[in-house]
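*Asks:* A single structure is presented below for examination.
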Amino acid sequence: MKKNIVALILSPRESGNCEILTKEICRHIPEEHELTLVRLTGKDIKPCKGCYACLVSGSCPLSDDFLEVAEAMAKSDALIIASPTYFIGANGVLKVFLDRCLQLFSAKFSVRGKPVINLVTAGIKGEAGYSEMMLNSFSLILGLKLRASEIFYGALPGEVFYENNEQLQRAADLGAKLFSTEERAFAGWACPLCGSDVIQLLGGNKIQCVVCRNYGEVVNDGKNLTLKVTLNSDNIFFTEEQAGRHGLWLQEMKSRFMQLRRKLAKITGPYADDGKWL
Ligand SMILES: Cc1cc2nc3c(=O)[nH]c(=O)nc-3n(C[C@H](O)[C@H](O)[C@H](O)COP(=O)(O)O)c2cc1C
């Protein structure tokens with residue numbers, strides 16, 4: 001049966017690098033498929049209000065295009081997420097969309113386990129900053145199965161393939177990875193649990209992986225620095241079981257709030273009239 005691929009394009013530029021990279025990859029996917037593109041920057045995705053109503057009632061009070069996109073993702077067989085680098089991070093609409101995914105904790109559908117390829121474009125080599133980390137973190141939080149994550153360089157629309165056979169070939173090679181059952185190979189220096197190469201230094205040789213938030217240490221074998229990371233049982237998203245547990249904790253927030261609200265109001269009340277709002 002035809003596979004259904006949904007691509008989230010985080011670039012507002014029509015026929016820009018994110019878009020053509022995604023299409024090039026799909027030209028090389030061996031499985032029969034249909035590609036549905038979603039220009040997320042053109043959708044009406046309102047910022048989460050932090051009201052937690054979705055966890056209690058099962059639905060979000062905001063009315064916009066979020067559900068249309070989330071349901072398309074849930075019905076898909078696989079995803080591609082492509083974002084340009086904007087000031088060393090991914091397009092902010094990705095984060096706005098992710099925050100709204102809080103409602104997926106109580107939704108009747110899920111995107112968990114879907115294979116995903118993450119793509120970042122950047123105009124200048126070495127200036128993609130934390131963009132790739134943002135996409136990989138997005139995927140991990142939603143429980144997607146990251147098949148590959150790559151950065152492509154080019155500033156002008158189309159420039160990623162301008163006199164650049166290496167990038168064209170790299171895109172073509174990604175096509176075979178989306179539905180591959182082969183385990184993803186991590187770089188030798190990356191987090192052995194999630195493959196991220198972004199870590200937070202905690203002092204001494206202690207580290208925390210910024211993407212999967214498991215703890216570990218830097219090991220120096222005299223030749224190379226590598227990471228030893230162990231599963232943190234208090235993690236809130238890394239495994240399906242942990243995400244489920246976190247969902248229950250979130251749902252208990254309502255009764256906690258009802259219990260504490262008078263005491264909390266005594267703390268917040270005295271600040272109510274300070275300053276003026278623009
Ligand atoms: C607001 C803005 C900020 C940008 N910031 C960066 C940056 O920090 N680093 C970088 O390498 N490129 C940066 N770029 C360049 C884009 O990442 C680059 O042009 C990319 O190819 C755009 O992909 P697209 O064609 O899919 O939109 C920026 C572009 C814009 C519009």
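*Asks:* Give me D for region 120-179 in µm² s⁻¹, whole number, from Stokes-Einstein with Rh from the Kirkwood sum over alpha-carbon pairs, 37 °C and 0.692 mPa s.
*Replies:* 260 µm²/s
*Asks:* Taking the Cβ of LYS206 as the centre, find all other residues whose Cβ is under 13 Å away and add up their charges (Lys, Arg: +1; Asp, Glu: -1).
*Replies:* Counting the neighbours of LYS206, the net charge comes to 0.
*Asks:* Could I ask something else about it? Are there trypsin sites (Lys or Arg not before Pro) in region 77-131 that DSSP puts in a loop and that have at most 10 other Cβ atoms within 10 Å, and which ones?
*Replies:* The qualifying sites are LYS108, LYS125.
*Asks:* Follow-up question, since we're still on this one. Residue-wise, which Karplus ³J(HN,Hα) couplings in Hz belong to region 232-238, taking 6.51 cos²θ - 1.76 cosθ + 1.60, θ = phi - 60°, and x for glycine or proline?
*Replies:* 3J(HN,Hα) across region 232-238, in whole Hz: 8, 5, 8, 4, 9, 9, 5.
*Asks:* Something else: Give me the net charge of ASN220's neighbourhood, meaning all other residues with Cβ under 15 Å from the Cβ of ASN220; Lys, Arg count +1, Asp, Glu -1.
*Replies:* Taking every Cβ under 15 Å from that of ASN220, the sum is +1.
*Asks:* Taking the inverse of the average 1/r across all pairs of different Cα atoms in the chain, what Kirkwood radius in Å do you get?
*Replies:* Evaluated on the chain, it is 20.6 Å.
*Asks:* For the chain, what is the accessible area per residue in Å² when the probe is 1.4 Å?
*Replies:* 57 Å²
*Asks:* In the chain, carbon and sulfur make up what percent of the accessible area (probe 1.4 Å)?
*Replies:* 55 percent
*Asks:* Using only Cα atoms and rounding to the nearest 10 degrees, what angle (0 to 90) does helix 17-27 make with the longest principal axis of the chain?
*Replies:* Helix 17-27 sits at roughly 60 degrees to that axis.
*Asks:* Sort 249-257, 84-92 by packing, meaning the average of other beta carbons within 10 Å per residue, with the highest value first.
*Replies:* Peptide ranking by packing, descending: 84-92, 249-257.
*Asks:* How much of the pair distance distribution for region 80-210 lies past 21 Å, counting alpha-carbon pairs only, in percent?
*Replies:* 47 percent
*Asks:* Which value, in Å to one decimal place, does the Kirkwood hydrodynamic radius take for region 168-278 when every pair of different Cα atoms is included?
*Replies:* 18.4 Å
*Asks:* To test your reading of the geometry: what angle, between 0 and 90 degrees and rounded to tens, separates the Cα axis of helix 240-251 from the longest principal axis of the chain?
*Replies:* Value to nearest ten degrees: 30.
*Asks:* Sticking with this structure for a sec: Using +1 at the Cβ of each Lys and Arg and -1 at the Cβ of each Asp and Glu in the chain, identify which of GLY50, MET1, ILE199 lies farthest towards the dipole's positive end.
*Replies:* GLY50
The values are calculated or read from the model by the stated rules, or taken from the named source; none is laboratory data. Since this is a predicted model, take the numbers as computed values, not measurements. Note: ideal-geometry Cβ built from the backbone for every residue, glycine included; neighbour counts use all protein chains shown. In case anyone asks, the SASA skips ligands and DNA or RNA and just uses the protein heavy atoms, side chains included. Shrake-Rupley method; radii C 1.70, N 1.55, O 1.52, S 1.80 Å.
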